[in-house]
Amino acid sequence: MFGQSGSGKTTTLRAIAGIVTPDSGRIKVADEIYFDSATGANLSIQKRRVGYVFQDYALFPHMTAEQNVAYGIKENGAGDASRLERARAILAAFKIDYVRQRYPQNMSGGEQQRTALARALASDPAVVLLDEPLSAVDAETRALLLDEVVIAQDRVKIPFIYVTHNTAEAIQLGTQVVVLHEGTVKQIGQPSDVFSKLAER
C-alpha cells in the first residue's frame, strides 16, 4: 500500500485490525467478514486473525524477546512452558534466538523488527499488517530486513499488507500495489505498471 503521509494508509490498516471503525464498507479476510456496515457485522479485535507490526514495533518493554513472541501465541489451553517453547522455535526461524532473553531496549533496530514480525506471525494470523516497519533503521539494515520480510511471507503463504511511501520498498516487496491519495484508491496493479504510470505524470 503506497502513498504519501496522510493518504490513509495507516487508517486502512487500523480498520482491518479493528482499532478504528469505518463509517461504511466491508472488510473480508479469506472467507471471514470482519466488518460490514450493511449488516452491522463488526468482529472484535480479539477475534480478528490479524498480525500487526507497528511502525515503532510496539514491543512490550518489560518483556524479553521470547516473552513478547509468546504473548502473541493464541493456543487454547497452551501453558506457559508450551508457549515459550514455541516462541523460541519462532525466534530461531528468524535467526535471532540469541536475543530471546534480551529486553527491547537492549536490541538493535533490526532485532526489534524481527522480534515484532515473529510475534505477529506467532498468533497464526490470516493476514499480516506492516506499517512502515523499516522507517527507523539505516539503509544497510533496511535492505537485509526487506529480504527477511520476503522470506517470511514465502514461508507462511498468507497475505502481507505492507505500508510504505518508499518506491524501492514497494517495488521489491509488492506483488500488487495499491496507491492511496487523500483517502482514495487512485491505482491498483503490479509494481512495474503502477510506477511506470506514476513516472509519466
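Residue count for the stretch 106-140 satisfying the condition of being in contact with a Phe, Trp or Tyr (Cβ under 6 Å, 6 or more places away or on another chain) and within 14 Å of residue 163 (Cα to Cα): 4. Residues that are in contact (Cβ under 8 Å) with a residue 24 or more places away in the chain, β-branched (Val, Ile, Thr) and surrounded by fewer than 16 Cβ atoms within 10 Å (Cβ to Cβ) were ranked within the stretch 8-32; the one that is farthest from residue 165 (Cα to Cα) is 19. Does any residue of the stretch 145-157 turn out to be touching a helix residue (DSSP H, G or I) at 6+ places or on another chain (Cβ under 8 Å), within 23 Å of residue 27 (Cα to Cα) and not polar (S, T, N, Q)? Yes, the stretch 145-157 contains a residue that is touching a helix residue (DSSP H, G or I) at 6+ places or on another chain (Cβ under 8 Å), within 23 Å of residue 27 (Cα to Cα) and not polar (S, T, N, Q).
One residue stands out in the stretch 33-54 among those that are β-branched (Val, Ile, Thr) and within 17 Å of the chain's Cα centre (by Cα): the one that is surrounded by the fewest Cβ atoms within 10 Å (Cβ to Cβ), namely 45.
Scanning for something of a type in the set (A, V, I, L, M, F, W, C), modelled with pLDDT under 90, under 24 Å from residue 5 (Cβ atoms) and surrounded by fewer than 14 Cβ atoms within 10 Å (Cβ to Cβ), does the stretch 170-183 turn up at least one residue?
Among the residues of the stretch 170-183, not one is of a type in the set (A, V, I, L, M, F, W, C), modelled with pLDDT under 90, under 24 Å from residue 5 (Cβ atoms) and surrounded by fewer than 14 Cβ atoms within 10 Å (Cβ to Cβ), which makes the answer no.
Scanning the stretch 96-119 for residues that are touching a strand residue (DSSP E or B) at 6+ places or on another chain (Cβ under 6 Å) and more than 13 Å from residue 60 (Cα to Cα) yields one hit, 117. Could you tell me whether the stretch 73-84 includes any residue that is in contact with a strand residue (DSSP E or B) (Cβ under 6 Å, 6 or more places away or on another chain), among the hydrophobic types (A, V, I, L, M, F, W, C) and under 25 Å from residue 159 (Cα atoms)? No, the conditions are met nowhere in the stretch 73-84. Regarding residue 119, is this residue closer than 20 Å to residue 47 by Cα, over 20 Å from the mean Cα position of the chain (by Cα) and basic (Lys, Arg)? Criteria not met by residue 119.
From the list 92, 81, 58, the one residue that fits, being of a type in the set (Gly, Ala, Ser), in a loop (DSSP other than H, G, I, E, B) and either at positive phi or surrounded by fewer than 20 Cβ atoms within 10 Å (Cβ to Cβ) (or both), is 58.
Annotation note: Cβ proximity below 6 Å between a residue of the stretch 139-167 that is within 18 Å of residue 91 (Cα to Cα) and a residue that is modelled with pLDDT under 80 (sequence gap 6+ or interchain) occurs for 145/134.
Looking across the stretch 35-55, the residues that are assigned to a loop (DSSP other than H, G, I, E, B) and in contact with a Phe, Trp or Tyr (Cβ under 6 Å, 6 or more places away or on another chain) come down to 43, 48.
From the list 145, 121, 129, which one is modelled with pLDDT under 85, surrounded by 14 or more Cβ atoms within 10 Å (Cβ to Cβ) and under 21 Å from residue 55 (Cβ atoms)?
145
The values are calculated or read from the model by the stated rules, or taken from the named source; none is laboratory data. The model shown is predicted, which means the values in this text are computed figures rather than measured ones. Cβ atoms come from the backbone with ideal geometry, glycine included; neighbour counts cover every protein chain shown.
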